[in-house]
Each structure stands twice: as structure tokens, then as C-alpha cells.
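Trainee: For reference, the structure I am asking about is given below.
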């Protein structure tokens with residue numbers, strides 16, 4: 001018999017298989033306390049504001065998340081779908097194509113948003129198609145590359161973002177950037193890049209705040225979903241109380257803080273550092 005847990009402690013990683021685990025967890029909507037990590041109810045979308053993390057190229061994680069959102073919609077919820085994969089300067093174009101009758105397909109929305117080639121759209125097309133099927137608003141939640149470069153040059157305040165960022169937050173972002181670039185980024189460069197990361201987190205938080213009344217699901221990388229340095233820390237206290245940040249992680253990541261988290265097997269991929277070293 002499944003039950004609710006009253007505390008959050010680490011336990012050995014449990015591999016959950018396919019969509020069944022996500023849908024099974026969504027049946028536990030009556031639980032009033034946070035679930036233990038790596039239980040089927042980790043993907044329970046039971047708050048109006050959901051930050052749903054990902055490892056961008058992990059196919060199993062995308063399937064689990066899609067099933068969780070399908071179950072949420074089956075319950076009657078009609079949240080906004082916010083995507084890190086769309087840059088905010090294209091919101092007007094996204095709105096224009098969504099206003100067409102009949103509604104366009106997912107590829108038309110991706111084209112209107114000028115979807116970058118760096119994203120594998122085979123993973124995100126089903127989420128967009130689901131939003132179109134149910135008439136959900138689709139909102140761009142990212143700060144684009146060109147704007148990010150300007151923020152790195154000019155600073156946060158010059159672009160309307162909150163400039164008072166705790167040193168520990170900046171340090172955590174900088175260290176993560178160095179690690180994700182295989183140690184091949186200088187500390188000074190990483191510190192500037194961290195400004196862009198903070199701007200993205202702040203903008204994601206503003207999107208969540210704006211749509212909290214209707215309900216909103218944000219699809220974003222796990223780094224943006226972290227409760228210590230990611231978008232959750234920039235939410236108002238009221239919105240934060242009505243939100244849940246779910247890290248959808250690969251086996252072995254046990255240190256990053258989230259409200260809940262779920263582990264999946266590591267996606268088979270080449271070592272990204274190998275290519276960077278060759279360059």
C-alpha cells in the first residue's frame with residue numbers, strides 16, 4: 001500500500017520504469033506532506049506552480065514528465081505551459097501563431113519561436129502538441145543568447161533584473177559553469193556567465209508569478225529548478241508556498257536541493273569533454 005511520507009531523507013536510488021510510475025504517483029493527490037524522493041509520487045503535480053526539471057537529452061525523463069502532465073490535464077487542470085526552450089523575445093510571434101484558427105501544429109509554434117538548433121525538438125514537440133490539443137497558453141521562459149551576452153557585458157541592473165545577488169549564489173553558478181565546461185572556462189569568464197544564468201532564473205520566476213493564478217508548469221533544466229540558487233529563490237513568499245520544484249535527475253546526482261526529486265538511469269551519451277579537449 002502506498003502512503004505519504006513525513007520527512008525527506010536520502011535513500012538508495014530506485015529505478016522507476018516508464019510512464020506507469022508517473023501516473024501511479026499522480027493518483028496520490030490526497031497526500032498533504034512532501035513525498036520521499038525516488039518514490040512514484042515524486043512526479044505528483046499537486047501545486048498550482050510546478051517547476052519540472054530535466055536533463056535535456058534524457059529520453060526516459062521526457063516520457064515520464066509527459067505522462068505526469070497528461071495526468072494533470074486529465075484531472076481538469078489547464079495550466080500555462082512555460083518552456084525554457086523558447087526565448088522571450090519571440091513571445092509576440094508565439095501568441096500570433098496560437099491565435100490562428102484552426103490552431104497550428106507543434107512545428108508551426110516551434111518555427112514562430114525560432115526554436116534554436118541546439119534543442120532536440122523530438123523531445124519537446126509532444127509537450128507543445130499536448131498544449132495545443134488542450135488549448136493551453138504557451139509562454140517563452142528563457143533569456144536568449146544575444147540578450148544574455150549583453151547582460152554579461154552590462155550587468156543585471158542595466159537590463160531590468162535584480163542586481164543584489166548573494167555571493168553564495170553567484171559562486172554556485174560560477175562553479176557549475178566551470179564544471180559543465182569541463183574546467184575550460186576561466187573563473188572571471190564564468191562569473192560573467194553566471195550573471196546570464198541569474199537573469200534566466202529571475203525571468204523564469206517572473207513568468208511563474210504572472211501565471212500562478214491560473215496554474216503554470218515550467219519545463220526547464222534541473223539547474224534552473226534548484227531551490228537554493230535557481231528560479232524558486234526568486235519567487236515571492238506567497239508564490240513559493242504554492243509551488244513545487246521537482247528535480248528529474250540521473251542516477252548519481254544526490255547533492256542538489258529540490259522540493260522533490262526522481263532519479264532515472266543515465267542517458268547513453270558521448271563524453272562531452274572529449275570533444276571540447278580536441279578543440
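Trainee: Looking at the structure I just gave you, is residue 149 in contact with a helix residue (DSSP H, G or I) (Cβ under 8 Å, 6 or more places away or on another chain), over 25 Å from residue 243 (Cα atoms) and either assigned to a strand (DSSP E or B) or touching a residue at least 12 places away in the same chain (Cβ under 8 Å) (or both)? Spell out the reasoning first.
Mentor: On the way: in contact with a helix residue (DSSP H, G or I) (Cβ under 8 Å, 6 or more places away or on another chain): yes; over 25 Å from residue 243 (Cα atoms): yes; either assigned to a strand (DSSP E or B) or touching a residue at least 12 places away in the same chain (Cβ under 8 Å) (or both): yes.
Yes: the conditions hold for residue 149.
Trainee: Now for a different question. From the set of residues in the range 260-279 that are at pLDDT 85 or above and either exposed (fewer than 13 other Cβ atoms within 10 Å of the Cβ) or touching a helix residue (DSSP H, G or I) at 6+ places or on another chain (Cβ under 8 Å) (or both), which is nearest to residue 181 (Cα to Cα)? Give the derivation first.
Mentor: Quick first cut of the range 260-279, residues at pLDDT 85 or above only: 260-269.
Going one step further and asking which of them are either exposed (fewer than 13 other Cβ atoms within 10 Å of the Cβ) or touching a helix residue (DSSP H, G or I) at 6+ places or on another chain (Cβ under 8 Å) (or both), we end up with 260-262, 264-265, 267-269.
Working: 260: 27, 261: 25, 262: 25, 264: 23, 265: 22, 267: 19, 268: 19, 269: 16 Å.
Taking the candidates together, the pick is 269.
Trainee: Kindly indicate whether any position in the range 198-207 is surrounded by fewer than 18 Cβ atoms within 10 Å (Cβ to Cβ) and within 21 Å of residue 235 (Cα to Cα).
Mentor: Taking the range 198-207 as the starting set, the residues that turn out to be surrounded by fewer than 18 Cβ atoms within 10 Å (Cβ to Cβ) are 206.
From what is left, the residues that are within 21 Å of residue 235 (Cα to Cα) are 206.
Yes, that holds for at least one residue.
Trainee: Just to be sure, is residue 82 surrounded by 20 or more Cβ atoms within 10 Å (Cβ to Cβ), at pLDDT 95 or above and part of a strand (DSSP E or B)?
Mentor: Values: surrounded by 20 or more Cβ atoms within 10 Å (Cβ to Cβ): yes; at pLDDT 95 or above: yes; part of a strand (DSSP E or B): yes.
Considered against the rule, which asks whether it is surrounded by 20 or more Cβ atoms within 10 Å (Cβ to Cβ), at pLDDT 95 or above and part of a strand (DSSP E or B), residue 82 comes out as yes.
Trainee: Please specify each residue of the range 110-135 satisfying the condition of being in contact (Cβ under 8 Å) with a residue 60 or more places away in the chain and touching a strand residue (DSSP E or B) at 6+ places or on another chain (Cβ under 6 Å). Can you show your working first?
Mentor: If we filter the range 110-135 for residues that are in contact (Cβ under 8 Å) with a residue 60 or more places away in the chain, which is where we start, we get 119-120, 123-124, 126-127, 130, 134.
Scanning the range 110-135 gives 119, 124.
For (1) modelled with pLDDT of 95 or more; (2) more than 17 Å from the chain's Cα centre (by Cα); (3) farther than 29 Å from residue 73 by Cα; (4) in a helix (DSSP H, G or I), each residue gets a yes or a no:
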{"residue": "131", "(1), (2), (3), (4)": "yes, no, no, yes"}
{"residue": "136", "(1), (2), (3), (4)": "yes, yes, no, no"}
{"residue": "153", "(1), (2), (3), (4)": "yes, yes, yes, yes"}
{"residue": "162", "(1), (2), (3), (4)": "yes, yes, yes, no"}
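Trainee: If you check 218, 254, 208, which single one turns out to be in contact (Cβ under 8 Å) with a residue 12 or more places away in the chain, touching a strand residue (DSSP E or B) at 6+ places or on another chain (Cβ under 9 Å) and assigned to a helix (DSSP H, G or I)? Break it down into steps so the answer makes sense when it comes.
Mentor: Values: 218 fails: assigned to a helix (DSSP H, G or I); 254 fails: assigned to a helix (DSSP H, G or I).
So the residue among 218, 254, 208 that is in contact (Cβ under 8 Å) with a residue 12 or more places away in the chain, touching a strand residue (DSSP E or B) at 6+ places or on another chain (Cβ under 9 Å) and assigned to a helix (DSSP H, G or I) is 208.
Trainee: Which one of the conditions (1) over 14 Å from residue 130 (Cα atoms); (2) modelled with pLDDT under 95 does residue 92 fail to meet, given that it meets all the rest?
Mentor: (2)
Trainee: With the requirement that a residue be touching a helix residue (DSSP H, G or I) at 6+ places or on another chain (Cβ under 8 Å) and either on the phi < 0 side of the Ramachandran plot or buried (at least 18 other Cβ atoms within 10 Å of the Cβ) (or both), what does the range 154-172 give you?
Mentor: Going through the range 154-172, the residues touching a helix residue (DSSP H, G or I) at 6+ places or on another chain (Cβ under 8 Å) turn out to be 155-156, 158-159, 161-163, 165, 169-170.
Those that are touching a helix residue (DSSP H, G or I) at 6+ places or on another chain (Cβ under 8 Å) and either on the phi < 0 side of the Ramachandran plot or buried (at least 18 other Cβ atoms within 10 Å of the Cβ) (or both): 156, 158, 159, 161, 162, 163, 165, 169, 170.
Trainee: When you look at residue 101, is it buried (at least 19 other Cβ atoms within 10 Å of the Cβ), over 14 Å from the mean Cα position of the chain (by Cα) and farther than 25 Å from residue 199 by Cβ, yes or no? Walk me through it before giving the result.
Mentor: Working: buried (at least 19 other Cβ atoms within 10 Å of the Cβ): no; over 14 Å from the mean Cα position of the chain (by Cα): yes; farther than 25 Å from residue 199 by Cβ: yes.
In short, no.
Trainee: Looking only at the range 15-36, decide whether some residue is in a loop (DSSP other than H, G, I, E, B), at pLDDT 95 or above and touching a strand residue (DSSP E or B) at 6+ places or on another chain (Cβ under 9 Å).
Mentor: First pass over the range 15-36, keeping only residues in a loop (DSSP other than H, G, I, E, B): 15-17, 27-36.
This time we only want the ones that are at pLDDT 95 or above, so: none.
No, the range 15-36 has no match at all.
Trainee: For the range 37-54, enumerate the residues that are touching a helix residue (DSSP H, G or I) at 6+ places or on another chain (Cβ under 6 Å) and part of a loop (DSSP other than H, G, I, E, B). Show your work before the answer.
Mentor: Restricting attention to the range 37-54, the residues satisfying the condition of being touching a helix residue (DSSP H, G or I) at 6+ places or on another chain (Cβ under 6 Å) are 40-41, 43-45, 49, 51-54.
44, 45, 53, 54, listed by residue number.
Trainee: Another question about this same structure. Please determine whether any residue of the range 63-71 is touching a residue at least 40 places away in the same chain (Cβ under 8 Å), surrounded by fewer than 22 Cβ atoms within 10 Å (Cβ to Cβ) and out of contact with any helix residue (DSSP H, G or I) (no Cβ under 9 Å at 6 or more places or on another chain).
Mentor: Within the range 63-71, the subset touching a residue at least 40 places away in the same chain (Cβ under 8 Å) is 63-71.
So of that shortlist, the ones also surrounded by fewer than 22 Cβ atoms within 10 Å (Cβ to Cβ) come out as 63, 66-67, 70-71.
Checking which are out of contact with any helix residue (DSSP H, G or I) (no Cβ under 9 Å at 6 or more places or on another chain) leaves us with none.
Looking for residues that are touching a residue at least 40 places away in the same chain (Cβ under 8 Å), surrounded by fewer than 22 Cβ atoms within 10 Å (Cβ to Cβ) and out of contact with any helix residue (DSSP H, G or I) (no Cβ under 9 Å at 6 or more places or on another chain), one finds none in the range 63-71, hence no.
The values are calculated or read from the model by the stated rules, or taken from the named source; none is laboratory data. Here the structure is a predicted model, which is why all the values come from computation and not from measurement. All Cβ positions, glycine included, derive from the backbone under ideal geometry; neighbour counts span all protein chains shown.
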